[in-house]
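Structure, as structure tokens:
The values are calculated or read from the model by the stated rules, or taken from the named source; none is laboratory data. The model shown is predicted, which means the values in this text are computed figures rather than measured ones. Don't worry about glycine lacking a Cβ; one is built from the backbone with ideal geometry, like all the others, and counts go over all protein chains shown. Heads up: the accessible areas ignore ligands, DNA and RNA and are worked out on the full protein's heavy atoms, side chains in. Shrake-Rupley method; radii C 1.70, N 1.55, O 1.52, S 1.80 Å.
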Amino acid sequence: MRLYNLLLRLYPAAFRNEYGEEMRPLFARRRRQAKGFGVLALWLNTVGEIVSNSWLVHVDLLRQDLGFTARVLRRSPGFAVTAIFIVALGIGATTAAFSVTDFVLIRQLPFPEPERLVKLWETTPGYPWMELSPPNYRDWKEAAKSFTSIGAYTFNDVTMTGAGEAQRLTGTSVSADLFPTLGVAPAIGRPFTGDDDRQGAPGTVILAFGFWQSQFAADPNVLGRSLMLDGAPYTVIGVMPRGFHFPASDVQVWTTNRYGPGNYADSERADNYLESVGRLRDGVTLGQAQTELNTIAARLERQYPKENKGTGAVVNSLGEEISDRSRLLLLALSGAAACVLLIACANLANLLLARALGRRRELALRAAMGAGRERLVRQLMTESLVLATAGGALGVGIAMISVPLFAQLVPASLPIAGSPSIDLRVLVFAVVVIVVTGLSFGLAPVLRVGGGPDLNGLREGLRSGGGRKERLRSALVVVEIAASVALLVSAGLLIRALDTVRGIDPGFNPYGVLTLRTELPIPEYRTVAARDAFYTRVRREVEALPGVTSAGFISYLPISSFRGGIWPVSVRGEIDLGIRSANNVASLRFVTPGYFKTMGIPVKRGRDISDADTRDRQLVAVVSESFVKRYWPDEDPIGRHINFALGEREVVGVVGDVRFRGLERASEPQVYLSSAQVNDGAILFYAPRALAVRTAGSPSDLVPAVRQIIRRAEPKLPIFEVQTLEEMMDHETASRAVQARVLVGFAAIAFALAAVGIHGLLSFAVSQRVTEIGVRRALGAQSSDVLLLVLLRGLALAAAGVVPGALAAYLAGRSMEALLAGVAPADPLTLSSAVALSLVMTLLGTLAPTRRALRVDPITALRAE
Amino acid sequence: MGEIDDLLPLPSATFHILIALADGDRHGYAIIQDVEVRTGGELTLSAGTLYRSIQRMLEQGLLVETRDRPAPEDDDERRRYYRITPLGTAVAKAEAKRLTDLIRMARAAGFAPRRA
């Protein structure tokens, strides 16, 4: 019988209470009649019967409740629309934020057993993460036992010619064991083998799926075709599967390193450019691998005391390679979204509470007619879940629209596809949030009803909602205000940070400058003379264009896609090229005359590089102010000699500092050399290839003419990264701008919701106190007294919310200090504006209720009593 | 009439319960017994099916619970008695007519034997 009672629990309580007493004896009688196997049959029958019948009863109830809900909501469409809209905002914000956070932070990398993949770095004083040099890479790989395999790669963009216009392709040069380390094989064709990856091997290339589709129309016969990359033939041997992106989402082709003994020579130990990925052996932890590499690095330092001085090893989980800043940014975003959801829930709980109070009579009536507490709870829950579902569906729609904006927050340097989307995972998340939301904001009124049938509800003329519920409702509004203040402050801080970063002087004048990159096809341009002829011709023709004031070439523009490029420097002749450390290097750039003028970089002392600085003359250098400050703090640098970039050079000028590594990063001191003063074939990596053009007109108008000039000068050149300097700067602050925009959006939603919350609470309070206000007025209270009554209430709420809100904002600000670019978490301007705004919000929310209170006519109010 | 039509066709348990209540108020167990006897043991309503049907029939207004108890010696305090309502009677009649019409059509088609 106990089992039977247990089975009866499957029914809704109302049904069980009603009929359980009847069903038990019926079953007992059957049980007595059954014999032998009949007992088993009876039980089997009963279990099946109760399971299916109780389910049907539940469905019946649900249908009833839904029908009732539909009627109730139809009766108050204003309420329904408001509630659905509030849920939609909350769910929309949360879902969109989750889709990005999940995409970047939570989801595992799309490789087999991704938790075993690690990134290896060298570390030297001043550079906590440095790429590996080929000899060190080889030695680590040979010695380390913690890994099943280690692979290496380096960025290697190439120019493809022979198929229409010359094209610059984003490429990566890999070791043959990189793809096996990642655990991914080509979708068609074969992987790289050791034979492809040795010095002198014929060129082979593997295509990215997207590139194969766009460039070769997904032609399976592409295998075996020959492509001209940087002027040499490469045979296509494979296509990687869809969704394989490595190391970043924009890579189009992979080639092999093809290293020989020369690359592994000891002189190369200080040349760090290889990125390395390893796969941990089964059961080996990150810590064990780190310990082993420490030992190996220490041994190598003893072996090569000069080259490997201070060189250590760092092992990171590949999945956690994402920068702290991106992580923080996304966490801040998720926190903000959670705040919006919290506010939305509080708002709804309040709306529903007010409604529950308004419906007290209806609910009391139903209770009096025999509806059990459980039935009423169920009915109310159904209502809130229906609202949550409708709002949630709308919210997912909102999220879908806003994901492209959020997608800009995804760092480009991840081995995952370009952008997040609302997929099944995100939808499951949304459904969970919807259910939890529905249940939690539905809970408030349910707790109210839960107290048992409220017979007071049947009485006429009830006055106020009663102290306890009023406090609950006020508390909810206070939570809303606090959360919205926190959001306002956070958004404010980020805007201030954005302003600060935008206000940072990059060291050049970004307005009115067109920039583009080319890539000189090196075999033809190995000689300085050939390059110089090209630079001079292009500069002369571009400068002849109407509006153009100057033009110049440089190795790599500041704040562009390549920001590295440093070289050891010696100011007293004791150069030691083998040793790297942060305090004896300078950024190296070759420039043509006109570069400084074009960029608006001021020449502070001495002179610019000139056409006369040719190879047969004294080698010259122009250095930045920070260079002077470091090496000759109190001396005149002009005429001094430095040993730099394979030559002794005389300093002829000093220019302003440029933040070539980015607005928010420290940059090394800079040294500029004449593009003509280098040996043929030497330091080709730094041969000028970026062109800057200053114009009095609109820079983008120049694009066709400049393109034409370069095409005429050298048809085989790819032209890419065509943008104005201003666009480049915008790009630099884009993630901040997007982040600020998203947070401002969230704060605006929060702000509006909180205002609605205050409005709702005060309207209700006023309507409950009509009589009281009437009496006061009858007793001679002035309009101003009534005004004060309502206003004070609103201000009290605001005050109660602003203080914890500001505190929460301060804590939030502290935790995202890294994003604030030096703006203090307790920035007074931001805090005071947020407080002022929340006062405005309170006043807005108080407006309508105050008007209503002022219009209370004492006679009518008292007559109603 | 629309209200009645909306309820048709009746679930067979519902129809059997209406039939069982045709000649007087009964409690749950009596209904089960009546159905069992009437169908010659073909149909034994389970408690779950019975009370789920009863609950729905109460909501639809086909039945009412009655407070008129039978003679005290037959009464069992724990038991609830059910009575068919005029609507219940009308619905049962409509269902019977629907079935009769169906049988007539089946006969015309040769699916069922003609009565002698």
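Quick one: net charge of A:Q618's neighbours, Cβ under 10 Å, K/R +1, D/E -1? In short, -2. Against chain B, whose longest principal axis is taken from its Cα atoms, helix B:86-108 shows a tilt of about 30°. Here, the range A:585-659 has an Rg and a Dmax of 11.7, 32 Å when only alpha carbons are counted. Rounded, prolate or oblate, given the Cα gyration tensor of the range A:212-344, with a/c below 1.5 counting as rounded? It comes out oblate by the Cα gyration axes. Computed on protein heavy atoms with a 1.4 Å probe, what is the summed buried accessible area for the chain pair A and B, in Å² to the nearest 100? Interface between A and B: roughly 1800 Å². Taking each residue as 0.36 nm, the span from A:L62 to A:D701 lengthens on full extension beyond its C-alpha to C-alpha distance by 223.5 nm. Within the range A:157-254, all pairs of alpha-carbon atoms sorted by distance into 5 Å bins from zero give the percentages 3, 13, 26, 29, 20, 8, 1, 0. Backbone phi angles across the range A:342-354, fed through the Karplus curve with coefficients 6.51, -1.76 and 1.60 (θ = phi - 60°), yield HN-Hα couplings of 4, 5, 4, 5, 4, 4, 5, 4, 5, 4, 5, 4, 4 Hz in residue order; Gly and Pro are listed as x.
Suppose R0 equals 22 Å; then what is the FRET efficiency for A:R327 and A:E664 from their Cβ-Cβ distance, rounded to the nearest 0.05?
With a Förster radius of 22 Å, E is 0.85.
Starting from the amide H of A:R258, placed 1.01 Å from N in the peptide plane, find each other amide H under 5 Å away whose residue is 5 or more places distant or on another chain. Close amide H contacts, sequence-distant or interchain: A:R198. Note: relative contact order over chain A, using C-alpha pairs below 8 Å and six or more positions apart, is 16 percent.
With the simple model of a label 7 Å out from the Cα in the direction of the Cβ, B:R38 to A:Q108 spans 6.2 nm.
Using only Cα atoms, find the angle between the long axis of helix A:373-407 and the longest principal axis of chain A, and express it within 0 to 90 degrees, rounded to the nearest 10. Once rounded, one gets 20 degrees. Summing charges over all other residues whose Cβ lies under 13 Å from the Cβ of A:F508, with Lys and Arg as +1 and Asp and Glu as -1, gives 0.
The string of couplings for the range A:634-642 from the Karplus curve (6.51, -1.76, 1.60, θ = phi - 60°) is 10, 10, 7, x, 5, x, 6, 10, 10 Hz, one whole number per residue in order, with x for Gly and Pro. Sites listed here are trypsin sites (Lys or Arg not before Pro) in the range A:31-128 whose DSSP assignment is loop and whose Cβ has at most 10 other Cβ atoms within 10 Å: A:K35. Using the Cβ-Cβ distance between A:L839 and A:R741 with R0 = 22 Å, the FRET efficiency computed as 1/(1 + (r/R0)^6) comes to roughly 0.35. Spacing of the modelled spin labels on A:S783 and B:T66, each 7 Å from Cα toward Cβ, amounts to 7.0 nm. Taking a ≥ b ≥ c as the square roots of the eigenvalues of the Cα gyration tensor, the range A:718-835 is prolate, since a/c reaches 1.5 or more and a/b is larger than b/c. Looking at the range A:132-276, the DSSP beta bridges with both ends there are about 70 percent antiparallel. Fully extending the segment from A:R537 to A:K629 would add 29.4 nm, taking 0.36 nm per residue of separation and subtracting the current Cα-Cα distance. Distance in nm between label sites at A:A824 and A:E650, each 7 Å beyond Cα in the beta-carbon direction? Roughly 5.2 nm, to one decimal. Compared with the dominant principal axis of the Cα atoms in chain A, helix A:703-713 is inclined by about 30°. Per-residue mean of foreign Cβ neighbours for A:13-23 is 4 (Cβ atoms of other chains, 10 Å radius).
At a Förster distance of 51 Å, what's the computed FRET efficiency of A:A799 paired with A:Q213, Cβ-Cβ distance as r, to 0.05? E between A:A799 and A:Q213, to the nearest 0.05, is 0.25. For the residues A:I710, A:I422, A:I401, a 1.4 Å probe over the protein chains yields an accessible-area ranking, largest first, of A:I401, A:I422, A:I710. Kirkwood radius and radius of gyration were both taken over the C-alpha atoms of the protein assembly as shown, and their ratio Rg/Rh is 1.13. In the range A:639-712, the ratio of gyration radius to Kirkwood radius, Rg to Rh, stands at 1.04 when only Cα atoms are counted.
Residue separation of A:E727 and A:E115 scaled by 0.36 nm, minus their Cα-Cα distance, works out to 216.5 nm of gained length. All distinct Cα pairs of the range A:520-717 go into the 1/r average, and the inverse of that average, the Kirkwood radius, is 17.4 Å. With a ≥ b ≥ c taken as the square roots of the eigenvalues of the C-alpha gyration tensor of the range A:2-75, please select rounded if a/c is under 1.5 and otherwise prolate if a/b is larger than b/c or oblate if it is not? Prolate, because a/c is 1.5 or more and a/b exceeds b/c.
Altogether, the Stokes-Einstein calculation at 4 °C and 1.567 mPa s, with the Kirkwood radius of the range A:126-309 over Cα pairs as Rh, returns a diffusion coefficient of 74 µm²/s.
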